[in-house]
Every structure is written in C-alpha cells, then in structure tokens.
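Contents: one structure, followed by commentary.
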Amino acid sequence: MPLVGNIRDFGLSDFLYLVDRGYKTGCLHLSRADEMSSLYFDKGKLITATRKDDNVPVTDLLVRKGKLTAVQAAQAAQAHQSQNGVTLSQVLINLDLIGRDELQRVLQQHIEESVYALFSWNEGEFRFEQGQRPDPTAPIMPTPLAVEHLIMEGVRRIDEWGRIKDRIPNTDMVVKFIEQPIERTKGINLAADEWRVFARINGKDTLAEIARKTGMSEFDVCRIVYGFLTAGLVDVIRKPAPVPMLATGRPLAEAPRVKKSLVTRIINRIRGM
Amino acid sequence: MQTVKMVISGAVNAGKTEFIKTISEIEVVSTERPATDDTRLIKKETTVAMDFGRIAIGDDLVLHLFGTPGQKRFDFMWEILSEGMLGLVILVDSTRPETFRETNRIIDFFMSYRETPYVVAANKQDRPNAWSPEELRLALRLPSHIKVLPCMATDRESVKNVLLELLDVIMQRSED
C-alpha cells in the first residue's frame, strides 16, 4: 500500500526522516497545482529526483550543462540499449565519457537544488510507492545521497515559527543528544552558528539558556535545533519538574507501584474474555 | 471494592469510543454530541466529554476504562483523567497522517506528568492506505522500547491484545 498524505500535515523533512530510518526503497511523488516532483530512494538514500517539467535522461542534462557532447550522448544511449539492468549513468562511467566524481558532483548539485525547492512547499499531496524504481536513463547518482544533509539544508530555508513550533512548543524545552549522535553527524556539514549551538547541547540547558549563552536570538536557536531534531541528532524534552518537597524538606516519595498479583489478575480476566 | 483505571487517548476520530465499546462489559457511558467545530468534517458526532467502560476483574476489583475527549479545548480533562491511572493506550488513526502531530502532542502531555506505562495502538489497520505500525513508529519518532501495536478497535481480540500488551508493560514496572 502506498503511504499518502499532505506535506501540510506531515512535512517533507519528516518524510525524509522516515525514509532514512526505515531504509525505504521507492518513490515519493509530490504534487501541487500543476507541479509534480518525484524523489527516488534506495535503502533510505536518495538516488535521483525528477520534475514533471524537467524529466530528461541524464545524457540530455549533461549536454545542457556542457559536460557531454551530443555525439557522446548518442554513443552512450546506443550502448545502453544493449545492456539490461544497468543505468545510463553507469554506462557513461564505463565508457569513460565522464569521470565518476565529476558525474556525482554535477548530478548531486542538480538533484539537491530540486529537493531544496520542495522545502518551500507549505502544502502538497504526497504518495510514497514502495519499491518503485526510476527509469534507468534518469539522472541517477553513482553514490546515493544521505538524507540528513538534505534535511539540514532544507531546514535552513525555513523562516517561519509555525512549523518549528510543531516540534518545539516553547524555549523552556531542554535539548539532549540522542544515542550515538556522532555516527549520524557524518553526512552533515554544520555552519558556524550551528556549531555554536551544537557545542552548547548538554541535556540540561533550555533553548532560552542556549540562546543567552550564544548571544543568538531564540528564533535562530530554535530553527537550528529544529534542524538537528529533524535530522534525528537530538531530542527536545520538557525540563524536569522539581520534585515536590514535604514540609520537613525531604522529597515526596514516588507513588507506590502496583502489585504484580493485581496485574496478573487483570491479565487473566482479559485473556478469558 | 478496589478500582483501577486505564486511559484511552488519541486525536479526534482515532477510535477511542469504539475501542472501549468493544471490550467493556457495560453499555459504554458516552457523551456523544453533534460535532460543533471542524471535527464535523470528520464525523457527525464526536466525544465532547468522555467515554466510560468497565470490566469486573473479581468481586473486589474493577477495571475502569476512560476515553479522553479528542479536541484541544478539552485538554483540562486529560489531567483529571490521568490522575492515578494504571496505564495509557494512545490510539492513532493509521490512515490519517494529519493527526500524527496531534498524537505527539497528546503523548507529550501525558508523559510530562509522570512516566506512565503506555502503548501506541495503530488503529484501522484493515483500511486501505493504513500506515504500518513500524511506519507509525518512525512517523511519531517513538523510541524502540515503546510498543506500537496493530489494532482494529472494532475487533475484540485486537482490543484484548492491545490491553494485554499494555499490562505486560505495567507488569514489568510492578512490584512483588
């Protein structure tokens, strides 16, 4: 079954997180009015992105960008026709018509810009078709792209409180790293301000305190933390409430735990229903 | 007579009333009223106060099931209902991603008071376009130790399974 919804309700960055963590393979189709884009993923990583108005073979794209001649493009297309299960991108590399690194750089830049443009959509229908693969002639990157980097860059372009407040309701929230954040930071390049905030995360300070210590505005700190949050690097939690104290000054004991025997009775009753 | 309480919460139209109706021994006490706000778009009647169901465990013990109102303007009821609860079921309409943010808000609300044992029930799994429990876990960003269970609130065995899974979580935290 495809996953369907509207990015107004379940944002693009949320969906990229789901694709990444779920190691999803398939295509995310996005549409609004007469615009339509498709992002293809392989095991949670982006391999290509196409737009309805710019759905061309990789060879056409490279000719347009001056990286290939029309003759070379025709040569690659002809060679590709006789090779089953191989992408046209791979054929270009195999024929040595373009270097792997150069092809990656050109396609990555093109695809990233297509994706970043989608972050400005405030609404639009999405449909994720599991297992759907791109046409082999599409501009498929030789090395699939980790989505954390896309999420961070996309979130940098958010300039509204509304979306941020969905995840960070107020600046009294505490920021803490999730387990093994270092592993996840490998695909992410942080800007200077982002490093300033990153270095202040200690699981104790609130967003307001981080803003004060870094001298940045609360909005900027929240926007940056929203990016970390969306990329799955950190979590935000409410500041723990102080433990209520008795008149004697001793902390109030926790509520007594329920007895196992009582839970067992309820389990047996429900099993027997 | 000892009474214990479980709370069934979730966004509007998640299936809370149906969940309680399916398992309760008594006719569910429900305060269904014609919807007066945007919930009208989703269902003709919605729970404006609460649902109440009951399961007798024995002569001396009764389990009460409370369904919380779904709309934001009844938030104050959640605090009252959460007092002394044994555990919490968060119901999610698996076919409506537009309710996932609200679901997160509800979880956040209940967890801000105390570490209540809870499970998430991915309701309406029999419908086309239902997100699977694992997809819901990712969408709601739930940690791996929180159980996300497939559910059909109209099916007694399915509801029983959700409650038994919750009781298993409660059992792990209980004392001899």
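The values are calculated or read from the model by the stated rules, or taken from the named source; none is laboratory data. Not measured: the values here are computed from a predicted model. With ideal geometry, Cβ positions are generated from the backbone for all residues, glycine too; neighbour counts draw on all protein chains shown. Surface accessibility is based on the protein's heavy atoms, side chains included, excluding ligands, DNA and RNA. Shrake-Rupley method; radii C 1.70, N 1.55, O 1.52, S 1.80 Å.
Determine which member of the set B:Leu149, B:Leu88, B:Leu136 is in a helix (DSSP H, G or I) and in contact with a strand residue (DSSP E or B) (Cβ under 9 Å, 6 or more places away or on another chain).
Numbers: B:Leu149 fails: in a helix (DSSP H, G or I); B:Leu88 fails: in a helix (DSSP H, G or I).
None of the other options fit; the residue is B:Leu136.
Condition check ((1) within 11 Å of chain B (Cβ to nearest Cβ); (2) over 19 Å from A:Gly154 (Cα atoms)) across all residues:
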| site | (1), (2) |
| --- | --- |
| A:Pro2 | yes, yes |
| A:Asn6 | yes, no |
| A:Thr25 | no, yes |
| A:Met36 | no, no |
| A:Lys45 | no, no |
| A:Thr50 | no, no |
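Given the criterion within 11 Å of chain A (Cβ to nearest Cβ), closer than 15 Å to B:Gly10 by Cβ and in a helix (DSSP H, G or I), identify the matching residue among B:Thr95, B:Thr103, B:Thr99. Give the steps one after another, and end with the answer.
Values: B:Thr95 fails: in a helix (DSSP H, G or I); B:Thr103 fails: within 11 Å of chain A (Cβ to nearest Cβ).
After ruling out the rest, the residue left standing is B:Thr99.
Go through region A:214-236 and give me each residue that's within 12 Å of chain B (Cβ to nearest Cβ) and modelled with pLDDT of 85 or more.
Hits for region A:214-236 are A:Leu229, A:Val234, A:Asp235, A:Val236.
Considering region B:115-136 alone, what residues qualify as being within 16 Å of B:Asn104 (Cβ to Cβ), in contact (Cβ under 8 Å) with a residue 12 or more places away in the chain and facing chain A (nearest Cβ under 10 Å)?
The answer is B:Trp131, B:Leu136.
Please go through region B:114-129 and give me each residue that is open to solvent by 20 Å² or more (accessible area, probe 1.4 Å) and not in a strand (DSSP E or B), ordered by number. Please lay out each step first, then the result.
Start the filter on region B:114-129 by keeping residues that are open to solvent by 20 Å² or more (accessible area, probe 1.4 Å), which leaves B:114-115, B:118, B:124-129.
Correct list: B:Arg114, B:Glu115, B:Lys124, B:Gln125, B:Asp126, B:Arg127, B:Pro128, B:Asn129.
Pick out the one residue from A:Thr59, A:Thr69 that is among the β-branched types (Val, Ile, Thr) and surrounded by 16 or more Cβ atoms within 10 Å (Cβ to Cβ).
Working: A:Thr69 fails: surrounded by 16 or more Cβ atoms within 10 Å (Cβ to Cβ).
So the residue among A:Thr59, A:Thr69 that is among the β-branched types (Val, Ile, Thr) and surrounded by 16 or more Cβ atoms within 10 Å (Cβ to Cβ) is A:Thr59.
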